[in-house]
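Below is one structure, written out as structure tokens; comments come after it.
The values are calculated or read from the model by the stated rules, or taken from the named source; none is laboratory data. Just so it is clear, the model here is predicted, and its values are computed rather than measured. So basically every Cβ, Gly included, is an ideal-geometry build from the backbone, and we count neighbours across all protein chains shown. Remember, those area values only see protein heavy atoms, side chains included, never the ligands or the DNA or RNA. Shrake-Rupley method; radii C 1.70, N 1.55, O 1.52, S 1.80 Å.
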Amino acid sequence: MAILGTSANGLATAEAVARLRRRGANSVEDQPRVTALKLLLHQFESPLVLILVFAAVISIVLRDWVEASIILAIVLGSTLLGFAQEYRASTAVAALRRRLALTVQVVRDGTVQTIATGAIVPGDVIRLAAGNLVPADGVVLEAKDFLVTEASLTGESFPVEKQRGILPADTPLAGRTNCVFLGTSVRSGTATVLVMKTGRDTAFGAVAARLHERAPETEFARGVRQFGYLLVRVMVVMVVFVLAVNHVLERPIIESLLFAVALAVGISPELLPAIVSVTLARGARAMARRGVIVRRLEAIEDLGSMDVLCTDKTGTLTEGVIALDAAVGPDARNSAEVLRLAYLNAAFETGIENPLDAAIIAAGERAGLATAGYGKIDEIPYDFIRKRLTIVVAREGEAAEHLIITKGAFANVLAVCSVDAALRERLEAYYRQKGTEGYRLLAVATKSVAARERYGHEDERGMSFSGFLLFFDPPKADAQNTIRDLAALGIRVKVITGDNRYVAAHVAAAIGLDPEAMLTGEEVARLKDESLWHLAERTDLFVEVDPQQKERIVRALQRIGHAVGYLGDGINDAPSLHAADVGISVEKAVDVARESADVILLQHDLDVLRRGVEDGRATFANTLKYISITTSANFGNMVSMALATPLLPFLPLAAKQILLNNFLSDLPSIAISTDNVDAEHTTRAQRWNVNEVRRFMIVFGLISTAFDLLTFILLLQVFEADEATFQTAWFVVSLLTELAVVLVLRTHGPALRSMPSRLLLWTTLAVGVLALVIPYAGPLASAFGFVPLPWHLILATLLIVTAYIVSTEAAKAGFFRNDRGGAVNRA
């Protein structure tokens with residue numbers, strides 16, 4: 001404390017603020033804070049933008065100032081548009097993340113305050129309890145039954161007890177039982193800790209700095225990457241072909257190079273990063289308004305692809321308002337003594353907070369009970385293997401004798417009691433009877449022993465069975481409807497709980513699940529992995545399971561091809577949340593559960609999750625719309641230009657015209673995040689499928705190419721267009737078809753029966769009008785090499801676009817009919 005300039009009363013707030021300013025935030029993240037300038041510069045990192053800048057440099061070298069100015073203007077327009085959208089998206093996501101920022105109790109100015117973990121500095125005195133993530137490296141000042149899970153640092157899966165004390169300076173990290181470390185989690189008990197190191201100075205920060213580990217690639221990111229590879233392959237083929245043809249035709253090398261560069265850029269949806277960011281961010285904001293906060297944007301796709309939801313029942317399928325209904329003795333009669341013992345056990349507990357203890361304390365206080373007259377001697381914390389909590393108390397004035405009070409799961413408490421066979425049978429029969437009535441039962445046992453200072457697990461032997469505690473948590477009135485709604489979305493609900501089989505079966509029957517489709521933890525333990533894969537598919541209820549079995553069940557479901565969501569809020573749920581395709585927790589969950597989750601529900605309610613799934617699927621569907629539609633339209637136009645290049649005495653479009661076409665056709669796509677979505681996109685899981693995107697691109701791209709070639713023939717053979725007229729007319733046709741196809745292909749059904757969002761509709765119409773006006777725009781038209789078109793050519797252009805719309809609508813009906821059939825066959 002002297003070295004750090006602090007005391008047991010903690011730092012002064014002013015000193016803590018000054019240290020935070022000097023040392024920086026308590027964070028080990030490699031990614032620096034995204035500023036507006038960094039985000040703007042990031043726009044210029046795209047290879048496509050760099051290609052355009054290269055083309056502008058070539059134009060400047062050749063003193064073609066107009067060409068250079070046009071290219072740079074388009075580059076600036078695209079990057080500023082992308083910057084504006086991504087900055088807005090990043091700001092929105094940052095606000096959502098701040099809402100979920102972890103907090104910690106810290107002693108400052110002699111009082112306990114709650115602050116963000118990022119504001120902790122060396123010298124702070126913090127208080128930790130079960131469920132907390134350890135926010136920094138520190139030395140234990142005080143501890144009570146303080147167990148910490150250090151698997152993230154040491155690989156040791158069992159919790160380690162931490163106590164204050166002095167150890168040799170060279171003690172290995174795994175042996176430092178007087179220290180806690182950032183990245184570990186508190187399993188039970190409480191402690192007061194002096195913070196020694198924060199952020200990158202911590203042991204966890206040092207490991208992260210050495211390894212520079214990247215987060216595992218998500219399915220969404222993997223799909224975008226594979227899509228990028230597809231575009232690169234198509235680009236290379238087209239550019240090489242065009243350059244070779246122009247070389248054979250002995251066209252100017254610089255003009256040919258600029259054309260090839262523009263062609264390569266033209267096929268790519270250069271606003272893809274901005275579109276993806278704004279679509280996902282808008283989806284995240286919409287989900288937040290409905291009570292679902294996304295911690296990782298890509299999790300929206302994972303939420304949409306989920307087809308199995310694993311959840312506990314308490315608070316999700318039941319009301320979550322647990323009340324102590326009765327305290328009874330071994331004879332099944334109400335017992336004030338059992339309530340008194342349970343009250344002392346719950347009131348003196350310092351480990352994991354839970355609603356059962358809260359219900360016991362509330363019932364005891366209503367009965368006039370208090371801890372006065374008793375002193376706590378020791379505590380043997382609850383763990384998920386023993387499933388018992390033991391408190392040792394002494395009555396005032398009886399220093400020679402202590403009372404051990406154990407409370408926990410019936411089977412686990414009964415296992416440490418001395419009872420005869422007849423009593424055991426009666427107790428088990430009562431337990432089964434009340435369980436089938438929907439009651440959750442805990443057992444209470446006691447033992448008087450000679451006084452001593454410390455107690456351990458070995459003292460939980462030879463106890464006397466005192467009685468039962470009966471709790472009732474009724475099923476939610478709308479749980480059955482919610483499960484039916486999830487089933488309509490293609491999501492099957494599976495209950496994974498540590499509760500006993502009888503209560504779980506009662507709840508399952510009440511909410512529409514099959515109580516007979518059940519596996520117990522004991523049965524799961526005996527199953528080989530292959531057998532569990534087979535049985536997990538057909539099982540609705542997994543009961544009496546431990547945390548390791550929960551994770552094993554999740555992985556078994558994944559192994560047989562399911563996208564698994566896991567909803568949990570407790571310490572024992574963290575491994576399963578991490579293993580699931582999408583981890584889901586609630587706002588009031590323990591720290592370790594919230595940090596392991598991808599999605600946070602502001603209400604512990606499956607109906608909130610159902611709405612979140614629908615929003616997630618709609619968001620992903622709109623993202624795929626942009627990718628599929630824009631790529632197919634661009635692909636068709638680029639194929640047309642590549643085919644026309646060797647047949648025309650001039651280039652079908654100048655490089656600057658290609659770039660302008662691509663820029664204008666992308667403008668309405670910014671609004672695609674607001675678009676309405678077909679019901680079929682929200683009623684079934686959405687998954688990335690690059691093969692489907694490629695098939696879509698080829699089919700509808702070649703339809704576009706067919707009409708482009710028809711346009712070429714009409715312009716050359718019927719209208720005998722010169723170079724400027726040809727390029728102007730085809731620019732208009734190309735841009736109008738790209739705009740029209742967005743409105744046609746945005747829905748799988750007839751376009752006239754599915755209205756787009758108003759923003760998408762009006763931006764598309766506005767750019768369409770602009771396409772018709774540009775040839776008559778004087779200086780602007782001249783800068784791009786456009787000329788006014790005669791009215792009969794404009795009319796022919798509109799007829800071609802109309803025919804293209806009708807043909808695409810007809811082709812769409814067949815394409816999606818076959819696609820649905822294929823999807824059924826694949827399923």
request  = Using only Cα atoms, locate the centre of segment 374-437 and the centre of segment 687-733, then give the distance between them in Å, rounded to an integer.
outcome  = 79 Å
ask   = Dipole of segment 315-386, Cα-centred, from +1 at each Lys and Arg C-beta and -1 at each Asp and Glu C-beta, to the nearest 20 debye?
value = 200 debye
query = Considering the Cα trace of segment 709-787, what is its radius of gyration and what is Dmax, both in angstroms?
reply = 15.2, 42
Two-decimal Rg/Rh across segment 439-591, once Rg and the Kirkwood Rh are taken from alpha-carbon atoms = 1.04
message = Straight-line reach from Lys476: which lysines fall under 26 Å, measuring Cα to Cα and dropping same-chain residues less than 8 apart?
response = Lys313, Lys434, Lys494, Lys550, Lys588
remark   = Residues whose modelled amide H sits under 5 Å from the amide H of Asp124, counting only those 5 or more places away in sequence or on another chain, are Val195
Solvent-accessible area per residue, Å², over segment 574-731 with all protein chains present [probe radius 1.4 Å] = 30 Å²
query = Taking every eigenvalue of the Cα gyration tensor of segment 376-521, multiplying by 5 and rooting it, what semi-axes result, largest first, whole Å?
reply = 38, 16, 13
task = Order these peptides, 449-457, 324-332, by their mean beta-carbon neighbour count within 10 angstrom, highest first.
result = 324-332, 449-457
request  = Can you tell me the alpha carbon radius of gyration of segment 685-827 divided by the globular rule-of-thumb value 2.2 N^0.38 Å?
outcome  = 1.21
ask   = If packing is taken as the mean number of other Cβ atoms within 10 Å per residue, what is the order of 674-680, 554-560, 651-657, highest first?
value = 651-657, 554-560, 674-680
Reachable lysines, given that their alpha-carbon falls under 24 Å from the alpha-carbon of Lys376 and they are not under 8 places away in the same chain = Lys144, Lys162, Lys387, Lys407, Lys447
remark   = The rounded separation in angstrom of the Cα centers of segment 612-640 and segment 505-577 is 36 Å
ask   = Can you give the accessible area of Val104 in Å² (nearest 10), computed on protein heavy atoms with a 1.4 Å probe?
value = 10 Å²
request  = Run the dipole for segment 540-628 about the Cα centre, Lys and Arg Cβ at +1, Asp and Glu Cβ at -1, nothing else charged, and hand back the magnitude in debye, nearest 20.
outcome  = 400 debye
ask   = If one puts a single equal scatterer on every Cα of segment 580-668 and applies the Debye formula without solvent, what log₁₀ I(q)/I(0) results at q = 0.19, 0.21 Å⁻¹?
value = -0.91, -1.02
key: Karplus (6.51, -1.76, 1.60) ³J(HN,Hα), θ = phi - 60°, over segment 615-630, in Hz, Gly and Pro reported as x   = 5, x, 5, 5, 4, 5, 4, 5, 5, 5, 4, 4, 4, 5, 5, 5
task = Provide the net charge surrounding Arg610, with neighbours chosen by a C-beta distance below 12 Å and charges set as Lys +1, Arg +1, Asp -1, Glu -1.
result = -2
request  = Rounding to the nearest 20 debye, state how big the charge dipole of segment 400-537 is about its Cα centre with +1 on each Lys and Arg Cβ and -1 on each Asp and Glu Cβ.
outcome  = 240 debye
request  = Give the dimensionless ratio obtained when the Cα radius of gyration of segment 743-805 is divided by 2.2 N^0.38 Å.
outcome  = 1.39
ask   = Under the Kirkwood approximation applied to all pairs of distinct alpha-carbon atoms, what is the hydrodynamic radius of segment 599-739 in Å?
value = 17.4 Å
